């Protein structure tokens, strides 16, 4: 993948700029970058228990958004869909007490996916029925979802003591199994399988082709390919929401075991960057997801060990996105945002 | 009389909440009319808020406003360089600018004021009653007994309308937004227009951040804009890319937010989160209402 080289160059540049900025602000840049590295890759435990755990939601959300973006549907609301999934997962996880683990987990995860799809169904309907652009409507629903989580953890889903704004822990049976000796849960395997399935769908199936056709030009797809582009677009939107919801369910089932506010440190937004950096390619999403997971895992260590605010890492992420974006801007003609997403979704000539 | 006071206070709160949104959305109207959609507005407002805090703490509120406008223009210039100059995708560039601004403001804020920002007191704007007009019952205190940034927001509306719809520059700007290639063929320097209108929009967003800190909240907090920049972009769509509509949209959002205070004052019991959701849901409803009956600038988002 030629995009990968750009991504790595972008990360190097981003970290370089961070180092210069930190040095100028009077921090020890060497120590900060050292802490960042060891926090992300320094040990097996750091790699599995923080980097990979953080990368699971990013990979999943990135995969879902790759579907939506390929079809030209700009879903900016994965954060809200993630929370919708987390709420449903918690509700189910508190109720499947007498079930065997496989049933409990399956119920929890499918409920989460359904909730995510339902959450994005609102913008999908608003788009089909009234023509409301999904960039704005999915974005607005993020804030509604955050308020809904707050309502839940201080209302119907609040813990029994009614003191803390969080839910009770979900039942043991509904928790995802962990890799022995680490905090990495089975969701990572599901993310890998998901990437593989999506790769097959994108490159081997008719549906994957239709998705791309709709993304490249909905009118052309309808006229020459007799593709119902509205239907394909809506399906892509629903699928991306379902996968973001699944990510929220896995976070509850594999990491937090409970619902609380700020469960997501902005996974839904970082997931957009992951999908775009990966050129909407499933394999790329895997790499970019782990990369951003590592950056965020390292950020925590950087704040703990070198006293550098963890938020500084967002600057690195921003630089990475912009560099990758500039590296792939076409030199010819004019392109709309839609077209640029499409252009990335065109048949991969260099990829694979 | 009591009801008068209550409704007056409610409307005053609504206008106070609406002010930053009105400012940011007015600026974004100029930007979008030239064909550029700037989702970096959220980060630009945040940068304006921090610049206002720093400037006001050092030299007083008006310097804070100036710093905020400059910071907003600077960040918008970066956006313009990437999205207009290099013709990169506007949505992605905007997302990245916001992400970067969150990181930058968070880092600078902690560096300057410590993790908690303890003891940070910012000199703020006091309400400025306009003699005569502020005496009008109910509407007087809401519209004419507000801090200075609110009057700036009011004044900028007709100004922006006049420039957009009554000057040659405005005509060139709108032509650029509708059909950039045609405008270019007619001799309009479209890239210059787009960069300029983006930077003007950034200045407004910076001012919006300043009004948030200096006339509403009174201090800075990390991520304090909490989505207001995105809401401003939604308000531009809801207001049909027109200053009048934008003003009404911002006021609607303000009223929906201020309902919370009204209900608290009345002692009505309802989870406060419902009131947090209400403005966003109303914006969605309004969008569904205006969509289809209005057309976006033809070349909006095309780089």
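The values are calculated or read from the model by the stated rules, or taken from the named source; none is laboratory data. What you see is a predicted model; the values in this text were computed from it and never measured. Cβ atoms come from the backbone with ideal geometry, glycine included; neighbour counts cover every protein chain shown.
Some observations on this one:
- Only one of the listed residues (B:193, B:199) is under 21 Å from residue B:230 (Cβ atoms) and either in a helix (DSSP H, G or I) or within 14 Å of another protein chain (Cβ to nearest Cβ) (or both). That residue is B:199.
- Subset of segment A:175-191 [assigned to a helix (DSSP H, G or I) and without any contact (Cβ under 8 Å) to a residue 60 or more places away in the chain]: A:189
- Flag for residue B:99 being farther than 19 Å from residue B:32 by Cβ, out of contact with any strand residue (DSSP E or B) (no Cβ under 9 Å at 6 or more places or on another chain), at pLDDT 85 or above and surrounded by fewer than 18 Cβ atoms within 10 Å (Cβ to Cβ): no
- Residue check, residue B:223 touching a helix residue (DSSP H, G or I) at 6+ places or on another chain (Cβ under 8 Å) and under 21 Å from residue B:176 (Cα atoms): no
- Beta carbons closer than 8 Å, at least 6 apart along the sequence or on distinct chains, never pair a first residue in segment B:268-285 that is at the interface with another protein chain (Cβ under 9 Å from one of its Cβ atoms) and at positive phi with a second that is at pLDDT 85 or above and surrounded by 18 or more Cβ atoms within 10 Å (Cβ to Cβ).
- Residue within segment A:85-100 that is modelled with pLDDT of 90 or more, within 14 Å of chain B (Cβ to nearest Cβ) and surrounded by 19 or more Cβ atoms within 10 Å (Cβ to Cβ) present: yes
- Residue in segment B:75-88 that is without any contact (Cβ under 8 Å) to a residue 24 or more places away in the chain and either assigned to a loop (DSSP other than H, G, I, E, B) or more than 14 Å from chain A (Cβ to nearest Cβ) (or both) present: yes
- When restricted to residues that are part of a helix (DSSP H, G or I) and more than 14 Å from chain A (Cβ to nearest Cβ), segment B:206-245 contains 15.
- Top-ranked residue of segment B:195-238 - restricted to ones that are on the phi > 0 side of the Ramachandran plot and under 13 Å from the mean Cα position of the chain (by Cα), ranked as surrounded by the fewest Cβ atoms within 10 Å (Cβ to Cβ): B:226
Results for (1) crowded, with 22+ Cβ neighbours inside 10 Å; (2) over 17 Å from the mean Cα position of the chain (by Cα), shown as yes or no for each residue.
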residue	(1), (2)
A:231	no, yes
A:246	yes, no
A:252	yes, no
A:255	no, no
A:259	yes, yes
A:264	yes, no
A:282	yes, no
A:308	yes, yes
A:312	yes, yes
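- Condition met for residue A:196 (touching a residue at least 24 places away in the same chain (Cβ under 8 Å), farther than 25 Å from residue A:127 by Cα and surrounded by fewer than 20 Cβ atoms within 10 Å (Cβ to Cβ)): yes
- Flag: residue A:91 does not match the condition of being in a helix (DSSP H, G or I) and over 27 Å from residue A:139 (Cα atoms).
- Condition broken by residue B:39, with the remaining ones in (1) touching a residue at least 40 places away in the same chain (Cβ under 8 Å); (2) within 14 Å of another protein chain (Cβ to nearest Cβ); (3) part of a helix (DSSP H, G or I) satisfied: (3)
- Selection of segment B:129-145 for residues being under 20 Å from residue B:2 (Cβ atoms) and surrounded by 13 or more Cβ atoms within 10 Å (Cβ to Cβ) yields B:134, B:136, B:138, B:139, B:140, B:141, B:142, B:145.
- Test: residue in segment A:57-67 that is assigned to a helix (DSSP H, G or I) and within 13 Å of chain B (Cβ to nearest Cβ): yes
- Inspection of segment B:246-263 finds a residue satisfying the criterion of being more than 9 Å from every other protein chain (Cβ to nearest Cβ), in contact (Cβ under 8 Å) with a residue 24 or more places away in the chain, under 30 Å from residue B:184 (Cβ atoms) and crowded, with 18+ Cβ neighbours inside 10 Å.
- Condition met for residue A:236 (touching a helix residue (DSSP H, G or I) at 6+ places or on another chain (Cβ under 8 Å), surrounded by fewer than 24 Cβ atoms within 10 Å (Cβ to Cβ) and not in a loop (DSSP other than H, G, I, E, B)): no
- Only residues that are part of a loop (DSSP other than H, G, I, E, B) and at the interface with chain B (Cβ under 7 Å from one of its Cβ atoms) were counted across segment A:136-159, and they come to 1.
- Test: residue in segment A:160-174 that is touching a strand residue (DSSP E or B) at 6+ places or on another chain (Cβ under 8 Å), buried (at least 16 other Cβ atoms within 10 Å of the Cβ) and free of Cβ contacts under 8 Å to residues at least 40 places away in the same chain: no
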